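Just so you know, all these numbers are worked out from the coordinates, no wet-lab data involved. Every value quoted in this text rests on a predicted model; they were computed, and no experiment measured them. Positions of Cβ are generated from backbone atoms using ideal geometry, with glycine treated the same way; all protein chains shown enter the neighbour counts.
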Amino acid sequence: MHTETLSIGSELVAGTGIDTNVAHLAGRLAQLGLAVRRHTILPDRLDDVADFVRAFRRGAPRPALLLVTGGLGPTLDDVTREAVARALDAPLTENAECRNAIEAMFRTRGWTMAQSNLRQAMIPAGAAPLENSCGTAPGFHLESEGLHVICMPGVPAEMQAMFADHVVPILRSLVGPGSVICERIIRTFGMGESRVGELIADLMAHGRNPQVGTLASSGLVSVRIRATAASEGDAVAMLDKDEASVRESLGHIVIGRDGDLLPQVVARLLTERRATLAVAESCTGGLIGAMVTDVPGASRFLVEGVIAYANDAKTRRLDVPADLLETHGAVSDPVARAMAGNLRRSAGTTYALATTGIAGPTGGTPDKPVGLVFIALAGPEGTSVHRAVFPGDRVRVRQRAAMAALNLLRLRLQGHDDSLST
């Protein structure tokens with residue numbers, strides 16, 4: 001079935017709001033065997049929305065499904081009901097079931113209801129109302145000549161509840177038994193998207209099933225595998241086969257799949273090995289500690305973190321010799337090595353990470369440019385220091401340095417050669 005989504009909201013178009021609904025809908029629709037062809041965002045303008053729905057009605061192959069979110073509230077800028085009614089030649093009428101539900105919600109909560117709330121009880125003639133268990137705006141489902149338009153609130157919690165309770169049964173009846181779509185994400189770190197694409201190019205051929213693509217975000221490159229099959233078991237088998245190929249081609253840069261991110265992977269490895277960690281941070285300013293403590297149960301392995309930004313703090317808190325700082329400078333291999341080794345000894349941990357660098361935008365020199373970071377890892381196997389120059393602004397340099405430090409620890413914990421991190 002040809003499937004599209006339409007998100008309505010001027011704030012979404014302006015960029016002052018983020019449309020999280022499309023990601024949720026695309027994932028749930030895939031589970032039902034429906035692949036979304038296009039996502040569209042429109043402002044709260046009656047003519048724009050009506051024109052889009054009218055064009056979809058004329059141009060989409062049958063059967064077709066349009067899932068609309070937003071614009072069902074009680075104010076005058078909530079235009080979805082009127083726009084759909086106009087586009088599908090179905091005049092708005094008050095639905096008694098919707099009105100009773102709205103009034104009952106206000107009575108139950110002891111609120112005074114503004115008359116404008118009753119605008120939400122107006123739905124296109126012939127449409128079936130969809131109960132909103134979390135708010136006042138009902139949704140509706142209207143079928144016209146093989147075109148199914150389902151409208152839901154834009155508030156994510158309301159949309160998700162309505163979709164699960166009322167829309168999923170409708171879609172199952174429309175789709176019936178047939179193909180299912182399953183997806184898997186393989187997470188990688190330490191290699192550019194273009195090189196990743198080259199290494200798995202045979203899997204990325206157009207028209208192939210499963211579909212394989214890449215996405216770069218926040219320092220990670222994710223490989224998305226989407227399989228379409230007659231049953232979930234068949235689709236999962238296809239995913240397993242392609243995942244094995246991806247892992248074989250990409251080797252040590254694969255950090256995990258689906259929800260696996262660097263902090264979660266490192267936390268799991270430390271916990272499995274009953275190892276402990278301390279962090280000494282200069283240029284990253286506590287980012288490594290923050291990433292690690294975002295993982296529930298971090299107290300099992302994280303012992304302490306020190307932000308030693310000034311040279312005096314490096315000497316006082318981490319016992320970095322003053323003459324070492326004077327001779328080599330704070331941003332250097334020897335200082336990073338001393339920071340990690342000394343903290344590991346004083347904290348009594350299995351491992352210690354240290355970062356020192358120039359995050360910018362000022363402070364760089366020809367020998368030590370902006371973006372230069374030294375990352376040290378001290379552990380039972382010894383201490384290694386890695387030099388990297390990260391591109392981007394101050395935020396990106398610090399973020400990438402913190403992730404590179406965690407990746408260095410991941411490689412050590414997995415028994416890989418530390419040189420693979422650069």
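Below, the figures for the structure above:
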quantity	calculated
Listed candidates (1) 0.95; (2) 1.10; (3) 0.97 - label of the one calculated as Rg/Rh (Cα atoms, Kirkwood Rh)	(2)
Overall dimensions of the range 1-98 as given by Cα atoms, namely Rg and Dmax in Å	13.8, 37
Cα convex hull of the range 233-349 - mean projected area over all directions, nm²	9.4 nm²
Charge-dipole axis of the chain as Lys and Arg at +1 and Asp and Glu at -1 on Cβ define it, positive-most pick from H24, L142, V385	V385
Pair-distance profile P(r), taking every C-alpha pair of the range 2-175, with 10 angstrom steps and integer %	10, 41, 38, 10, 1
Ellipticity estimate at 222 nm from DSSP helix runs (n ≥ 4, -39,500 (n - 2.57)) divided over the chain, nearest 500	-11500 deg cm²/dmol
Overall dimensions of the range 180-257 by Cα: Rg and Dmax, Å	12.0, 36
Folded to 0 to 90 degrees: helix 96-109 orientation relative to the chain principal axis, Cα	50 degrees
Magnitude of the charge dipole, the chain, Cβ model with Lys/Arg +1 and Asp/Glu -1, debye to 20	740 debye
DSSP bridge orientation in the chain - percent antiparallel, rounded to nearest 5	60 percent
Contact order normalised by residue count of the chain, Cα under 8 Å, 6+ apart, percent	10 percent
Longest to shortest principal axis, alpha-carbon extents of the range 357-422, angstrom	37, 21, 16
In order through the range 346-353: 3J(HN,Hα) via Karplus (6.51 cos²θ - 1.76 cosθ + 1.60), integer Hz, x for Gly, Pro	5, 7, x, 9, 5, 9, 9, 10
Farthest toward positive dipole pole in the chain [+1 Lys/Arg, -1 Asp/Glu at C-beta], among P169, A230, T93	A230
Spin-label proximity, R387 to the range 308-330 - amide N less than 15 Å from point 7 Å beyond Cα toward beta carbon	328-330
Degrees separating the helix 262-272 axis from the principal Cα axis of the chain, which is the longest one	60 degrees
In nm, spacing of pseudo-spin labels at N209 and T108 (7 Å Cα→C-beta vector)	4.4 nm
Hull-based mean projected area of the range 98-253, where the convex hull spans the alpha carbons, in square nanometres	13.6 nm²
Cα Rg, Dmax (largest Cα-Cα span) when computed across the range 262-421, Å	14.4, 44
Options L46, A376, T188, ranked by Cα towards positive dipole end of the chain, top entry (Cβ charges)	A376
Rounded to the nearest 20 debye, dipole of the range 197-278 from Cβ charges on Lys, Arg, Asp, Glu	280 debye
Counted charge near D258, where neighbours are those whose Cβ lies closer than 10 Å (Asp, Glu -1; Lys, Arg +1)	+1
